[in-house]
1. When the Cα centres of the range 383-442 and the range 164-205 are compared, how far apart do they sit, in Å?
2. Tell me, what is the per residue accessible area of the range 74-182 in Å², probe radius 1.4 Å?
3. Per residue, how much space in cubic angstrom lies within the convex hull of the C-alpha atoms of the range 13-93?
4. Viscosity 0.890 mPa s, temperature 25 °C: what is the translational diffusion coefficient of the range 137-241 from Stokes-Einstein with a Kirkwood Rh over Cα pairs, rounded to a whole number of µm²/s?
5. Holding the Cα-Cα limit at 32 Å, pick out from LYS94/LYS301; LYS121/LYS220; LYS72/LYS310 the pairs that are longer than that.
6. Taking trypsin sites (Lys or Arg not before Pro) as exposed when DSSP calls them loop (any state but H, G, I, E, B) and at most 13 other Cβ atoms lie within 10 Å, what is the longest stretch of the chain free of them, the sites themselves excluded?
7. Strictly over 18 Å apart at the Cα level, which of LYS12/LYS52; LYS35/LYS332; LYS174/LYS207 would you flag in this model?
8. If amide hydrogens are placed 1.01 Å from N in the peptide plane, which non-local residues have theirs closer than 5 Å to the one on THR33?
Amino acid sequence: MTKIVNHWIGGKTVEGASGNYGPVTDPATGAVTTKVAFASVEEVDAAVAAAKDAYATWGTSSLARRTTILFKFRALLEANRDAIAELITAEHGKVHSDALGEVARGLEIVDLACGITVQLKGELSTEVASRVDVASIRQPLGVVAGITPFNFPAMVPMWMFPIAIATGNTFVLKPSEKDPSASLKIAELLAEAGLPDGVFNVLHGDKVAVDRLLEHPDVKAVSFVGSTPIARYIHTTASANGKRVQALGGAKNHMLVLPDADLDAAADAAVSAAYGSAGERCMAISAVVAVGSIGDELVEKIRERAEKIKIGPGNDPTSEMGPLITAVHRDKVASYVTGAAAEGAEVVLDGTGYTVEGFEDGHWIGISLLDRVPTTAKAYTDEIFGPVLCVLRVDTYDEGVALINSSPFGNGTAIFTRDGGAARRFQLEIEAGMVGVNVPIPVPVGYHSFGGWKDSLFGDHHIYGNDGTHFYTRGKVVTTRWPDPADAPTGVDLGFPRNH
């Protein structure tokens, strides 16, 4: 019997009422294992109404109560990390170690939310004028929504909701319909931790659910992570409806390798950053820019390492890379490799046509490495979101920086060098929101914020860290003036000596 994934509204599972369902497949076998209910407009309205009702009390609840619940949730999350990772592997396909790493990165933001009291401290200026004080405070927005992608079904929601609910908001999550089960497990753990009904809700669905969240008058803010075209649509539509928006888009992350770099370390980094999680992550290194004469040696070192990666089912402990999320996506990724030579690239490794014995119907693709890729090739200009690494050649550092800065994306980038001065110039001159120096995937820790520049981010706020706290709250300034108690009206004795 096929498993059915339903919604979570008002603290309990709610069966889908629209009659519309989507398939969820096991990427390793290609078999449909689950049906996920798609929400109607009415079901979206019900979830938002539950969140609005809960906000009436949650928004004014004490910080101590909120953080106590989050501490309990963190303990439950830690205890259930293997179970969540198994759900991710079953529906996304990534290997178990990658899935565990995803949960661990989500835990970082839960840690931040547990200590949110520091971020929410206000400011006070006394005696700005005679007996006049000015204070600034931050207050929650109300009902907020998160729309999250398939590649990190546990981590990306945890980049959003812990901070949102810690700051006093209530939350409606619309996770990817391709791998929805992790979000329901998280909802159950939040309920077990004592989170009041309606503070956290999960709606599954497609564009119908998304569009209703973007236009609903009771949704005050929307967080999104996904592709650039959808991020732009989310930002434009939600902003037009008066909502605060943070919409993180796609990427084409470059790694600049200077001639003085440790090439073994650079090759190790390129392989892990390009092919980890099958390349299905917005912080993957998908373009290596080799400076000067080191290109041939670097490509050979990358090839040697890439050929050794063991591809197989995510639940096989020996697998280092799993399948792609769907057959359609697999075929799209493969098309960039099969068309690369005609566009002037040299195909060093071709992973198309790869299969795993005993799992022939899985969404498999092997490792692909393309060298001397022209900047006009689709394999370079598009975000592939798969295990395809492009190598480009330049003669100088300046050419490399100009090449990277000409990309419409500005999510993350890295430089590999032994020269501190070159690294310092790079971090100041490069046009990207996150920079790594001898670090291939510069995802910030939880107490710094994550976000790119240019077509990688729409909206003013990055996600989590201090930006996350500011996004889910709004500032208020209070100016007060109180008469001195010694000036109390005649007949009222407050025990103060009279000034006159």
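1. If we compute the Cα centre of each part, the gap is 36 Å.
2. Per residue, the range 74-182 has 31 Å² of solvent-accessible surface.
3. Working: hull volume 9.3 nm³, N = 81.
Convex hull of Cα atoms, per residue: 115 Å³.
4. Values: Rh = 14.0 Å.
Translational diffusion coefficient: 176 µm²/s.
5. Where the Cα-Cα span goes over 32 Å, the pairs concerned are LYS72/LYS310.
6. Values: sites that count: LYS121, ARG131, LYS308, LYS310, ARG418, ARG498.
My reading of the result: 132-307 is the longest stretch.
7. Check vs 18 Å cut-off fails for LYS35/LYS332.
8. Answer set, sorted by chain and number: VAL24, THR25, ASP26.
The values are calculated or read from the model by the stated rules, or taken from the named source; none is laboratory data. Remember, it's a predicted structure, so these values are computed and weren't measured experimentally. Because the Cβ atoms are built from the backbone with ideal geometry, glycine has one as well, and the counts that use them run over all protein chains shown. These accessible areas exclude ligands, DNA and RNA; they are computed on the full protein's heavy atoms, side chains included. Shrake-Rupley method; radii C 1.70, N 1.55, O 1.52, S 1.80 Å.
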